[in-house]
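The block underneath contains the structure these notes are about, expressed in structure tokens.
The values are calculated or read from the model by the stated rules, or taken from the named source; none is laboratory data. This one's a predicted model, so the numbers in the text were calculated from it and none came from an experiment. Every residue, glycine as well, gets a Cβ built from its backbone with ideal geometry; the counts of neighbours run over all protein chains shown.
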Amino acid sequence: MADNGYVLLRHREIPDLDSLEVYRKHGGFQALEKAVTRMKPAEVTEVVKASGLRGRGGAGFPTGLKWAFMDNQIWPHYVVANADESEPGTFKDREIMEGNPYQFLEGVAICAYAVQAHLAYVYLRGEFWQIAERLDSHLAAMEAAGLLGERLFGSDYSLRIRTHLGAGAYICGEETAMLESLEGKLGQPRLRPPFPATFGLYGKPTVVNNVETLTNVPRIIEFGADWYRSMGTEKSPGPKIFSLSGCVNKPGNYELPLGTTFRHLIFECGGGVPEGNSVKAIMSAGASSSLIVANDQALDTPMDYESVPNVGGQLGSASVIVIDSSVSIPWLINKTVHFFRHESCGKCTPCREGTFWMGHLTQRILDGTAKPEDVDLLYDVGGQMRGKCLCALGEFSIEAPRSSIERFRSEFDLAPSQPKTAVDQG
Amino acid sequence: MLERKYLAEKYPQEIQNILDKYPAEQRRSAVMPLLYLAQRDKMYINREDLQEIGDILGITLTEVASLVGFYTLYYDQPKGVYHIQVCTDLPCALRGADRFLAELCDRLGIQPGETTPDGLVTIEPVMCLAACDKAPMFQLQSGAGLTYYENQTVENALSLIEQLRKDASGRRVSARERGRDGNG
Ligand SMILES: Cc1cc2nc3c(=O)[nH]c(=O)nc-3n(C[C@H](O)[C@H](O)[C@H](O)COP(=O)(O)O)c2cc1C
Ligand code: SF4
Ligand code: FES
């Protein structure tokens, strides 16, 4: 069975796991060899399906099902690993790629074999320049060791993996915008359908999976679906990396089974909030979250795809931002709205105009120049955007403002320009 | 019009390596790495670069230029030789990033978004850089790439800038000694 407690962040227990030699000493690339030499591509997909693995990029879509959707009438197939990691509060893929890069790359290779792609890309946000350089040298080491290239393990399967750097645009994390960007175009989302499984990179069937999703795959192939299902919950199996940030004493990445409670993450792992403060709200999907009121019921809620909506939130990429009693909600909303206004790609009017007007209103509220009806106006602008945006960015942008007006209304009616955060008061 | 070959002559191997990453009939995919290459020695991309990249890939100057406008890590104007990009997004701001940026700018006597009078560094606030547990933090962008600096203090940042200043004046001297221009 697995040689340690971690499934993903194994570098925390095994020193130098970012060296190919060390990774292989710990069983690395046995799963790829097993898949390529002893399993049919469809069998690999079946195991991943049976494991219940769900996409870790935010939407929680079943990974095996996604691979099975690939159109076998159209060739070639491609795989693109989503290493854009730009959601505020998310910093897990980066740790994987820095600490345990070969397990991720092995996952890319197994996925590529399962869908019979011979070329895969890792699309990294432009800021991950150093990570891309290191991945390039890891890929070279794999080629030199015969783990990439022609005729892998004596089979007739060949594969190449390449990195591609973005250049600073959150929207390129959205899978169709990412494909446009990789094709050398503006990173703007495509109309769907068609979906990438039929019309993806260069118009060919393409799997897009998140880095963390793919990093699970070698372990699943090695130890099987039942082993994987022994972690997490029935509908959300397996481990998850929770990126914990904001008002906590020990921010960082925590690998825990899906279904762990917020209370455990924030207090046991994160050491609670700074002395004298209490938890006021939780954003569990980064800036794209609604604000969950941090009462006992919320704190005792299991963090999985099914349970978080019960307390008015989303699990998303599990970027848990903790908001304590020192933080002003209007200040916070101005931050998130400003983010989306900056990152809106401008392709569709509801999002381009809506984020602009929300930004205008939140700034006025913060500056104390708002009229009393501006809070309702802000709420309405968000309501008018709902369901009308071309991609999820526009829909995400209204989560925090609308939920906070619903749940923390009194803070908007207080005198403006109150303390921002404990730290910023100086 | 004579085709310009500045990048082709300066970086023949780099260009070939970039083109080799993509299927032969999909050259356009190489546009982003080529833009980084054009930006390498002067931290911005000029019209001639855009034209040359367009010529290499068989697309128009306008198409190449639109990418420079869309992506934030490309520049079409000369600014500082280095860009210090401080993350002031929500998680970092909850850990003092706004104050860090303000103090750093104060100590340098500039406003966020401005460049130091010697043209060395531009300081800018940016969105989340996936280092939210290590605030205050910033990235240093130069033509040669990007480096993260995490768990920073204003003093750290100032001494980094001091070091960059020394390196830059060292480079100017040695360039003069070799009897030619500095970079770019
Ligand atoms: C605005 C926006 C930003 C996104 N950013 C990311 C990202 O940075 N990383 C990621 O893996 N998925 C991101 N996604 C989700 C992707 O579109 C896609 O669903 C995901 O990469 C699929 O992989 P998975 O099934 O393994 O989760 C984003 C989606 C949207 C709408
Ligand atoms: S919703 Fe926003 S980000 Fe998405 S396509 Fe429309 S303008 Fe672009
Ligand atoms: S919010 Fe600053 S790095 Fe994420």
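Just a few scattered comments:
- Residue, nearest to the other protein chains (Cβ to nearest Cβ), within segment A:395-413, restricted to residues that are of a type in the set (Ser, Thr, Tyr) and more than 14 Å from ligand 2 (Cβ to nearest atom): A:SER404
- Qualifying residue in segment A:341-349 (condition: within 16 Å of ligand 3 (Cβ to nearest atom) and under 15 Å from A:ILE282 (Cα atoms)): no
Conditions tested, residue by residue: (1) in contact (Cβ under 8 Å) with a residue 60 or more places away in the chain; (2) crowded, with 24+ Cβ neighbours inside 10 Å; (3) in contact with a helix residue (DSSP H, G or I) (Cβ under 7 Å, 6 or more places away or on another chain); (4) within 30 Å of B:GLY96 (Cβ to Cβ).
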position	(1), (2), (3), (4)
A:LEU179	yes, yes, yes, no
A:THR198	yes, no, no, no
A:LYS235	yes, no, no, no
A:PHE242	yes, yes, yes, yes
A:CYS247	yes, yes, no, yes
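- Residues in segment B:34-53 that are surrounded by 20 or more Cβ atoms within 10 Å (Cβ to Cβ) and touching a residue at least 40 places away in the same chain (Cβ under 8 Å) were compared, and the one that is nearest to the chain's Cα centre (by Cα) is B:MET43.
- Flag for B:ASP118 being in contact with a helix residue (DSSP H, G or I) (Cβ under 9 Å, 6 or more places away or on another chain) and more than 22 Å from A:GLU87 (Cβ to Cβ): yes
- Answer residue from segment A:117-158, given it is among the small types (Gly, Ala, Ser), touching a residue at least 60 places away in the same chain (Cβ under 8 Å) and assigned to a helix (DSSP H, G or I) and is farthest from the other protein chains (Cβ to nearest Cβ) among those: A:GLY154
- Lone unmet requirement of (1) more than 14 Å from chain B (Cβ to nearest Cβ); (2) more than 23 Å from A:ASN82 (Cβ to Cβ) for A:ALA392: (2)
- Count of segment A:326-357 residues, restricted to those that are away from ligand 1 (no atom under 16 Å from the Cβ) and buried (at least 20 other Cβ atoms within 10 Å of the Cβ), is 10.
- Residue that is without any contact (Cβ under 8 Å) to a residue 24 or more places away in the chain, more than 16 Å from ligand 2 (Cβ to nearest atom) and charged (D, E, K, R), where the choices are A:ARG386, A:ARG364: A:ARG364
- Lone unmet requirement of (1) more than 16 Å from ligand 3 (Cβ to nearest atom); (2) assigned to a helix (DSSP H, G or I); (3) among the β-branched types (Val, Ile, Thr) for A:ILE333: (1)
- Given (1) among the polar types (S, T, N, Q); (2) assigned to a loop (DSSP other than H, G, I, E, B); (3) within 14 Å of chain B (Cβ to nearest Cβ), number of the condition A:SER181 does not satisfy: (2)
- Within segment A:269-303, tally of residues that are touching a Phe, Trp or Tyr at 6+ places or on another chain (Cβ under 9 Å) and among the acidic types (Asp, Glu): 1
- If you go through segment A:327-340 and keep only what is more than 21 Å from the chain's Cα centre (by Cα), within 9 Å of another protein chain (Cβ to nearest Cβ) and of a type outside the set (Val, Ile, Thr), you end up with A:TRP331, A:LEU332.
- Looking across segment B:103-129, the residues that are surrounded by 17 or more Cβ atoms within 10 Å (Cβ to Cβ) and within 16 Å of ligand 3 (Cβ to nearest atom) come down to B:LEU104, B:ILE123, B:GLU124, B:PRO125, B:VAL126, B:MET127, B:CYS128, B:LEU129.
- All positions within segment A:25-51 that are in contact (Cβ under 8 Å) with a residue 24 or more places away in the chain and more than 22 Å from A:THR63 (Cβ to Cβ): A:THR37
- Residue match in segment A:74-87 (condition: of a type outside the set (Asp, Glu) and modelled with pLDDT under 95): no
- Residue identified as farther than 26 Å from A:TYR6 by Cβ and more than 16 Å from ligand 2 (Cβ to nearest atom) among A:LEU124, A:LEU65: A:LEU65
- Flag if A:LEU244 is outside any loop (DSSP other than H, G, I, E, B), within 14 Å of chain B (Cβ to nearest Cβ) and more than 16 Å from ligand 2 (Cβ to nearest atom): yes
- Neighbours by Cβ (under 6 Å, 6+ apart or cross-chain): first from segment B:92-121, more than 9 Å from chain A (Cβ to nearest Cβ); second assigned to a helix (DSSP H, G or I) and among the β-branched types (Val, Ile, Thr): B:GLU103/B:VAL154; B:LEU104/B:VAL154; B:VAL121/B:ILE161
- Some residue of segment A:289-296 being within 13 Å of chain B (Cβ to nearest Cβ), in a strand (DSSP E or B) and either farther than 24 Å from A:ARG12 by Cβ or in contact with a strand residue (DSSP E or B) (Cβ under 6 Å, 6 or more places away or on another chain) (or both): no
- Residue count for segment A:110-166, restricted to those that are of a type in the set (A, V, I, L, M) and over 19 Å from A:PRO76 (Cβ atoms): 12
Residues checked against (1) within 16 Å of ligand 2 (Cβ to nearest atom); (2) in the same structural domain as A:MET142 (by TED's automatic domain parsing); (3) touching a Gly at 6+ places or on another chain (Cβ under 9 Å):
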| position | (1), (2), (3) |
| --- | --- |
| A:SER158 | no, yes, yes |
| A:MET178 | yes, yes, yes |
| A:PHE223 | no, yes, no |
| A:PHE262 | no, no, no |
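- For A:PHE128, the requirement of being closer than 21 Å to A:LEU9 by Cβ and either of a type in the set (A, V, I, L, M) or at pLDDT 95 or above (or both) is met.
- Among the conditions (1) aliphatic (A, V, I, L, M); (2) buried (at least 22 other Cβ atoms within 10 Å of the Cβ); (3) more than 19 Å from the chain's Cα centre (by Cα), the only one that B:ILE56 does not satisfy is (2).
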